[in-house]
1. What distance in nm separates the two pseudo spin-label positions at residue 4 and residue 147, each 7 Å out from Cα along the beta-carbon direction?
2. Order the peptides 167-176, 55-64, 150-159 from the highest to the lowest mean number of other Cβ atoms within 10 Å of their residues.
3. Calculate, in nm to one decimal, what residue 75 and residue 202 gain on full extension: separation in residues at 0.36 nm each, minus their alpha carbon distance.
4. Given the C-alpha centroids of segment 50-83 and segment 1-33, what is the distance between them in whole angstrom?
5. Please sort 12-23, 218-229 by packing, taking for each peptide the average over its residues of neighbouring beta carbons within 10 angstrom, highest first.
6. Under 8 Å for C-alpha pairs, at least 6 residues apart: give me the relative contact order for segment 12-86, rounded to a whole percent.
7. Please sort 66-72, 181-187 by packing, taking for each peptide the average over its residues of neighbouring beta carbons within 10 angstrom, highest first.
């Protein structure tokens, strides 16, 4: 599927599922409760909001993984909402996120420990060499983070299609997937998705001007739609290599066979 079809189909995707679309609206309400508790200075609402926030973390990433999975098989329907399966998927996404953030975190703490005292001293005395070292360290940390965030995105796509955490943790396999999709194609996809999200955010910012209700509409309706578009487009992008990679299709069938046999 070429880029134009991926974008068009992704934008249409939420609106082809108007019956199930309220599911993600309701899920995103969970994250909007805390701000309203702060606004109205109500500790009970804040307490409920904190609990809801943890429920959000335990559910939404898993449901979004299901949307990636639907895109990878080019299905145009929303995934069914099953609490157990959704939480299970969310936990796997969380584990995947933690593993892929280990290297950036290590880089950060190494830089923090080696430049901590000297960095503060350099800032206070405006020493050029010290400031340059801090700047270089920050750039290195940022680049490392972006690289592993990039790998994480396609590891998530691999997890969605193969339904196997162990396979998605194989960084070398994820890199092969990226090569098969094509780095240029990925860059084009990223640029289009970012521009689409920025345009949608700018247009929808008008809604946020409405007191209270505008914030609720933005968080609980606009953001979920954008998230579903982004995750579905990732699945569609990943589907391009599934058609042309016999080993990937064979691996998926073997994994499913093992799970059913157990």
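1. With each label placed 7 Å out from Cα toward Cβ, I get 3.6 nm.
2. Order by mean packing, descending: 150-159, 55-64, 167-176.
3. The span from residue 75 to residue 202 would gain 42.8 nm if fully extended.
4. Result: 11 Å between the Cα centres.
5. 218-229, 12-23
6. Relative contact order, segment 12-86: 32 percent.
7. 66-72, 181-187
Bear in mind these aren't lab numbers, they're just calculated from the coordinates by the rules spelled out. Quick caveat, the model's predicted, so the values are computed rather than measured. Ideal geometry is used to build each Cβ from the backbone, glycine not excepted, and the neighbour counts take in all protein chains shown.
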